[in-house]
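Derivation of every value follows stated rules applied to the coordinates shown; laboratory data play no part. Values in this document were obtained by computation on a predicted structure and should not be read as measured data. So basically every Cβ, Gly included, is an ideal-geometry build from the backbone, and we count neighbours across all protein chains shown.
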Amino acid sequence: MTPTLPTPRESRAVLAALMAGVMILFSLWVVRPFLPATIWAMTIGITTWPLLLRIQKLLWGSRALAVSCTTLIALLVFVLPFWLAMTTLMTHSAELMRFGETAMKFRVPAEPHWLANLPLIGPKSITLWQKIENARLPQLLDNMVPDTGQIIRWVLNYLGGFSMLALQFLLTLVIMAALHAKGEAATRLVLEFGYALAEQRGKDMILLAGRTIRGVAIGVTVTALVETAVGGAGMEITGMPWASVLTAITFIACLLQAGPGVTLIPAVIWMFFFKDMLSAIVLLVITVLTIVIDNVLRPYLIRKQADVPLILIMLGVIGGLSAFGLVGIFVGPVILSVTYTLVKSWLAEARTAAPQTPASSL
């Protein structure tokens with residue numbers, strides 16, 4: 001058969017699509033410095049959009065008042081905790097370096113006197129303790145882990161200065177407020193774009209992406225805030241030194257999906273060694289509670305909106321931090337989760353539409 005040549009109209013349509021794609025790529029390259037703040041603003045804007053509509057009904061239909069309220073809420077929930085954590089770490093950078101160097105010089109002390117008096121497990125615990133002390137694990141760790149001061153300096157250089165952080169956060173809030181002010185128009189534009197790509201299926205995919213973004217943003221942020229509040233309160237109540245700095249590290253660790261145990265478990269061990277038994281037991285109970293919250297609350301919040309594997313969240317945090325900087329902590333999981341959800345939905349629709357092949361014919 002002789003292949004059919006495209007008509008001039010079809011050729012112009014293909015050429016126009018190619019030119020539009022090229023112009024979009026060039027536009028993204030031009031606005032590249034603003035992309036992290038824009039993506040983060042879109043994430044927060046989509047997450048808080050239902051809240052904006054509820055507040056607008058309560059405020060006599062005033063969009064301006066509703067936008068002001070949601071911007072303030074976004075500042076308190078999404079921006080302020082992150083800002084406080086980062087600035088706390090930057091302010092105490094010198095102390096953190098000294099603390100890291102001191103921690104690397106830590107040596108396992110002799111077993112406490114009360115350990116031998118424990119019923120049943122006392123003698124075995126003494127033997128195990130002495131084996132750990134003689135194994136010289138801290139010395140081996142000191143040789144394996146890079147210099148702590150260099151690690152902290154690298155992190156601080158990567159975060160940048162106060163002014164750059166403030167500029168990113170301010171730009172994010174401004175863009176989010178603008179999106180909320182014209183939310184219906186922006187939603188209509190995105191839905192029309194989805195319909196142009198794949199008709200009704202494209203619109204459904206856009207709505208599904210919005211629910212996934214909302215679920216991931218709420219799950220990651222709210223869980224980190226709750227864990228940090230519980231763990232920080234526990235360290236403050238039990239008199240843990242450097243409670244504010246450890247709370248800031250806990251918040252960052254929870255956002256990075258490392259969990260609250262990164263700071264709370266060493267704090268409990270320190271309490272058993274150098275403080276009274278009651279404080280150590282109280283902090284141990286609080287630590288167990290925060291770990292339970294981490295494993296229950298986050299999956300529940302995310303799966304209320306979309307069914308996303310938690311491994312994607314962890315990979316998205318690491319990859320997003322590398323690709324986009326600080327805002328990548330939120331952007332990375334959202335991108336991977338949306339992609340996973342869309343591909344899963346597309347495959348499910350294709351599987352439903354495909355004719356069923358009898359097993360005997362295989």
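Consider a paramagnetic label point 7 Å from the Cα of residue 16 along Cα→Cβ; state which residues of region 197-227 have an amide N under 19 Å from it. It comes to 197-199, nothing else.
Could you tell me the calculated FRET efficiency between residue 189 and residue 53, based on Cβ-Cβ distance and R0 = 22 angstrom, to the nearest 0.05? The formula returns an efficiency of 0.75 here. Remark: spin-label model distance residue 182-residue 296 equals 4.5 nm, labels positioned 7 Å along the Cα→Cβ axis.
Work out, step by step, the length gained on full extension between residue 64 and residue 342: first 0.36 nm times the residue separation, then minus their alpha carbon distance; give nm to one decimal.
On the way: separation 278, 0.36 × 278 = 100.08 nm, distance 3.37 nm.
Additional length available on full extension: 96.7 nm.
In the structure shown, the pairs 124/275; 304/344; 57/182 are assessed against 20 Å; a Cα-Cα span above that value is assigned to 124/275. Between residue 259 and 254, the built amide H atoms are under 5 Å apart, and every one of these is 5 or more places off in sequence or on another chain.
Couplings 3J(HN,Hα) of region 70-85, computed from phi: 5, 5, 5, 5, 4, 4, 6, 8, 9, 9, 4, x, 5, 4, 4, 5 Hz, in residue order, whole Hz [Karplus 6.51 cos²θ - 1.76 cosθ + 1.60, θ = phi - 60°; x for Gly and Pro].
Under the 0.36 nm per residue contour assumption, what length would be gained going from the current alpha-carbon distance of residue 126 and residue 310 to full extension?
Numbers: separation 184, 0.36 × 184 = 66.24 nm, distance 3.94 nm.
Residue separation times 0.36 nm, minus the Cα-Cα distance, leaves 62.3 nm.
Taking θ as phi - 60° and the Karplus parameters 6.51, -1.76 and 1.60, the scalar couplings of region 228-240 work out to 5, 4, 5, x, x, 5, x, 5, 5, 5, 7, x, 5 Hz in sequence order, x denoting glycine and proline. Whole-Hz Karplus values for region 192-197 come out as 5, 5, x, 5, 5, 7 Hz, taken residue by residue from phi with 6.51 cos²θ - 1.76 cosθ + 1.60 and θ = phi - 60°; glycine and proline positions read x.
In the neighborhood of residue 199, defined by Cβ-to-Cβ distances under 15 Å, what is the net charge if each Lys or Arg adds +1 and each Asp or Glu adds -1? Surrounding charge for residue 199 is -1. Computed over neighbours whose Cβ is under 12 Å from that of residue 211, the net charge equals +1, Lys and Arg +1, Asp and Glu -1.
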